[in-house]
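> Could you have a look at this structure, given as structure tokens, before my questions?
The values are calculated or read from the model by the stated rules, or taken from the named source; none is laboratory data. Keep in mind the model is a prediction, meaning the values are calculated, not measured. Neighbour counts are summed over all protein chains in view; Cβ atoms, including those assigned to glycine, are modelled from backbone coordinates with ideal geometry.
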Amino acid sequence: MNKILFSSISKKFVMALAGLFLLMFLPVHLIINFMLLKSNPGPFNEAAHFMATFPLVRIAEIVLFCVIIIHITWGIMLQIQNWLARPVGYVSGSKAETSFFSRFMIWTGAIVFTFLMLHFFNFYFIKIGLVAGNPEDFYSVAHNLFKVPAYDYIYLSCFFLLGFHLYHAFSSAFQTLGLNHRIWTPVVKVIALIYAILIPIGFASISITLWLFR
């Protein structure tokens, strides 16, 4: 039973489900972040307060953290297994069997995780009182951060790399779940491409607008 639960196939299956859950979370986060473009801080702060206090959202938050941990942990374990299975590396000509996005998933994921920790430090840690700041005025916290050029460079770079990560994650999740079809698989890849472009552009547009025009 343990061999089944912790096999590479089961890890990939759970990672696919976890990845799809995270893919659904990003558009919600983006919609809330667009409220930062308003001159009135009220809507964003009210949304942030709701997300921090509403019981069902708090439960979803715990689930989200668990999903992130599972996704990262099993992703690292699978990558280590792949490296151990190919101790000599790829021979010439075999790289074509693995897509560019697949080969660099571990590295784009590591960069996104690093940014996620920075994001937690600047926002979530304020909410739970580990870092100084006003948890009732995340609007000002965000605006002050986006006025720092170094933060914007990091933010934009990470979301650029996130696009590569999202494209492969979106399409491979459906493949891992066994939803391959000669008609629908190309459609999923197109949707994955659109998603991987629009989500990073959405977040980047907020950063650039607050940095350069506010």
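> Whether any residue in the range 112-130 is under 23 Å from Pro43 (Cα atoms), more than 14 Å from the chain's Cα centre (by Cα), among the polar types (S, T, N, Q) and buried (at least 17 other Cβ atoms within 10 Å of the Cβ) is what I want to check.
The answer is yes; a qualifying residue exists.
> Within the range 1-40, take every residue that is over 23 Å from Arg58 (Cα atoms), at pLDDT 90 or above and among the polar types (S, T, N, Q) and give me the one that is surrounded by the most Cβ atoms within 10 Å (Cβ to Cβ).
Within the range 1-40, the match that is surrounded by the most Cβ atoms within 10 Å (Cβ to Cβ) is Asn40.
> Only one residue in Asp137, Asp152 is touching a Ser or Thr at 6+ places or on another chain (Cβ under 6 Å), of a type in the set (D, E, K, R) and closer than 29 Å to Lys38 by Cα, so which one is that?
Only one candidate qualifies: Asp152.
> Okay, moving on. How about the range 141-195: which of its residues are in contact with a Lys or Arg (Cβ under 9 Å, 6 or more places away or on another chain) and farther than 24 Å from Trp107 by Cβ?
His143, Phe146, Lys147
> Taking only the range 172-193 into account, find how many residues are exposed (fewer than 12 other Cβ atoms within 10 Å of the Cβ) and modelled with pLDDT of 80 or more.
Within the range 172-193, residues that are exposed (fewer than 12 other Cβ atoms within 10 Å of the Cβ) and modelled with pLDDT of 80 or more number 3.
> Starting from the range 190-214, keep only residues that are on the phi < 0 side of the Ramachandran plot, then list their pairs with residues that are crowded, with 17+ Cβ neighbours inside 10 Å and of a type in the set (D, E, K, R) whose Cβ atoms are within a distance under 7 Å, requiring at least 6 positions of separation or different chains.
Ser207/Asp152; Trp211/Asp152
> State all residues of the range 50-86 that are outside any helix (DSSP H, G or I) and either more than 18 Å from His29 (Cα to Cα) or among the hydroxyl-bearing types (Ser, Thr, Tyr) (or both); if no residue qualifies, say none.
Hit for the range 50-86 is Arg86, nothing else.
> Restricting to the range 170-192, name every residue that is within 15 Å of Leu23 (Cα to Cα) and out of contact with any Phe, Trp or Tyr (no Cβ under 9 Å at 6 or more places or on another chain).
Ala173
> Pick out, from the range 94-208, the helices (runs of 4 or more DSSP H) lying fully within it that include 2 or more residues that are under 27 Å from Ile62 (Cα atoms) and of a type in the set (Val, Ile, Thr).
105-119, 149-176
> Let me ask something else about it. For Ser140, only one of the following conditions fails: (1) at pLDDT 80 or above; (2) over 30 Å from Pro41 (Cα atoms); (3) over 21 Å from the mean Cα position of the chain (by Cα). What is its number?
Only one criterion in (1) at pLDDT 80 or above; (2) over 30 Å from Pro41 (Cα atoms); (3) over 21 Å from the mean Cα position of the chain (by Cα) is unmet by Ser140, namely (2).
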